[in-house]
Amino acid sequence: MPGTELFGDEEKREIQDVLDTGILFRYNHEVERKNIWKARTFEKEFADYHNVNYCHFCSSGTAADIISLASCGIGAGDEVIVPPYTFIAPIESVFTVGAVPVFAEIDETLCLSPEGIKGAITPGTKAVLLVQMFGSMAHMNEIVKVCNDNNLILIEDAAPALGATYYGKPVGTFGNIGCFSFDFFKIITAGEGGAVITNDQKIYDIAHMYSDHGHDHIGNNRGAEQHPILGLNFRNSELHAAVGLAQFRKLDYIIEKQRANKKILQEAFEQFPGISFRDIPDENGDSATFFTFFLPDEAIAKKASEELNKEGVGNAYWYVNNFHYLRNWEHLKDLKSAYKLPLRTYGKIPDYNNINLPVTDSIMKRLLMIQIMVNWTENELSELTTKITRALRKVF
Ligand SMILES: *Cc1c(COP(=O)(O)O)cnc(C)c1O
């Protein structure tokens, strides 16, 4: 959890600015706030970093997904192609706007594959909600082409890959709109928070209005504002923006450290010819948040995970735990929610109990992952590589 590893004086100073004025709301109060605009400043710096025209800071990454779908006009009955390997928020978001998540195959990038997307397109498909998984990226040129050729909206959820680039272009900037999360488990944190970025003014205008009950944010006095559309409240506070701003300014440092630490881990793993590595379409653009590797088969992957655990090396075997892979999402299979999902009224409901994704399954069975920390000392890293080597010698 790199951002949380670096929580310090910079965050406290930014928060103190806000506490000094007492204006925790991101809009209005021009006089009292004494020119302290944390959300606005975050948006400006985040947009500049990504070389895009617009950024809107919001309450969470899940909110960012919902805002993106809404701003692109995705709604009742529209099919949205989604990955089966992801944090579940994007899929919940598709349900929330009344649309239908349609699962497609991933490839060894661990993201949706161009062929997988092509194979899932129907006359009802409106959009692809691509997730840039764990620090790296999908085959973007090919995916952008598939979307263009088929007239599909591309929403890029880059929450797990902030700071990654594909041949110099930041992830999150390839589609109509990009989403990010700054929850406590992401590369930088605002405590809670999210953002959307886009070059499309129409999409941006809907995004900020939709996030604040449809207020148009024109004029100085919120009372004078109009509300051209219905929306919800996905606003975030100046306190969260303050933390996010301090954290965002540490991103370059975090990525540099992660890349250096990843290189050292890579050497340890390369001793074992049975191990192969994730397909990273642009190695130079990997944000190196995680170290991801494949074992030859399911049995060996299971054994490797166990041996690493015995050595105290934390690792994720997503195939068996129920966080990030469709196979273990019992609540999704039975469409359990708090209320009757709009989909039940408007759409034909796919049989989520019988989704057949053999390519994804064969990838997930063999996949293990280790989180890369920023603050590892040289000693800790060398101890870690010793433990990894000892564990894997018992496997091969
Ligand atoms: C973390 C994450 C989210 C959700 O972010 P929250 O801020 O926790 O709501 C959405 N999409 C992806 C891919 C994520 O990894």
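The values are calculated or read from the model by the stated rules, or taken from the named source; none is laboratory data. Since the structure is predicted, the reported quantities are computational estimates derived from the model, not experimental observations. Please note: Cβ atoms are built from the backbone with ideal geometry, for glycine as well, and neighbour counts cover all protein chains shown. With ligands, DNA and RNA removed, areas are computed over all heavy atoms of the protein, side chains included. Shrake-Rupley method; radii C 1.70, N 1.55, O 1.52, S 1.80 Å.
Taking the stated definitions as given, is I91 assigned to a helix (DSSP H, G or I), in contact (Cβ under 8 Å) with a residue 40 or more places away in the chain, under 19 Å from P160 (Cα atoms) and touching a strand residue (DSSP E or B) at 6+ places or on another chain (Cβ under 9 Å)?
In short, yes.
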Working carefully through the options K250, K263, K340, K310, find the one that is without any contact (Cβ under 8 Å) to a residue 60 or more places away in the chain and under 24 Å from L381 (Cα atoms). K263
Give the residues of region 96-114 that are of a type outside the set (G, A, S) and in contact with a strand residue (DSSP E or B) (Cβ under 7 Å, 6 or more places away or on another chain), sorted by residue number. V100, P101, V102, F103, I106, L110, C111, L112
Of all residues being open to solvent by 10 Å² or more (accessible area, probe 1.4 Å) and part of a helix (DSSP H, G or I) in region 269-288, which is farthest from M133 (Cα to Cα)? Just the residue, please. N284
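Just checking, which of F291, F323 is closer than 30 Å to G8 by Cβ and either of a type in the set (S, T, N, Q) or at pLDDT 95 or above (or both)?
F291
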Subset of region 162-181 that is among the hydroxyl-bearing types (S, T, Y) and not in a loop (DSSP other than H, G, I, E, B) - its residue that is nearest to the ligand (Cβ to nearest atom): S181
Out of F87, F57, I need the residue that is open to solvent by 10 Å² or more (accessible area, probe 1.4 Å), within 16 Å of the ligand (Cβ to nearest atom) and at pLDDT 95 or above. Which one? F87
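Residues are listed down the side, and each one gets a yes or a no for (1) of a type in the set (S, T, Y); (2) loosely packed, with under 15 Cβ neighbours inside 10 Å:
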| site | (1), (2) |
| --- | --- |
| H331 | no, yes |
| T360 | yes, no |
| R366 | no, no |
| V374 | no, no |
| T386 | yes, yes |
| R390 | no, yes |
Could you tell me whether region 190-211 includes any residue that is out of contact with any Cys (no Cβ under 7 Å at 6 or more places or on another chain), within 15 Å of the ligand (Cβ to nearest atom), at negative phi and among the hydrophobic types (A, V, I, L, M, F, W, C)? yes
What are the residues in region 121-161 that are of a type in the set (D, E, K, R), open to solvent by 20 Å² or more (accessible area, probe 1.4 Å) and not in a helix (DSSP H, G or I), if any? K126
Some residue of region 236-247 being open to solvent by 70 Å² or more (accessible area, probe 1.4 Å), in contact (Cβ under 8 Å) with a residue 40 or more places away in the chain and out of contact with any Phe, Trp or Tyr (no Cβ under 9 Å at 6 or more places or on another chain): no
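So that you can scan it fast, the table gives a plain yes or no per residue for (1) closer than 23 Å to T165 by Cβ; (2) within 16 Å of the ligand (Cβ to nearest atom); (3) hydrophobic (A, V, I, L, M, F, W, C):
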residue	(1), (2), (3)
E5	yes, no, no
G8	no, no, no
K12	no, no, no
V18	no, no, yes
R26	no, no, no
V31	no, no, yes
I67	no, yes, yes
P83	yes, yes, no
Subset of region 102-133 [within 13 Å of the ligand (Cβ to nearest atom) and closer than 18 Å to I67 by Cβ]: L129, L130, V131, Q132
Against the conditions (1) at pLDDT 95 or above; (2) open to solvent by 70 Å² or more (accessible area, probe 1.4 Å), where does N356 fall short? Just the number, please. (1)
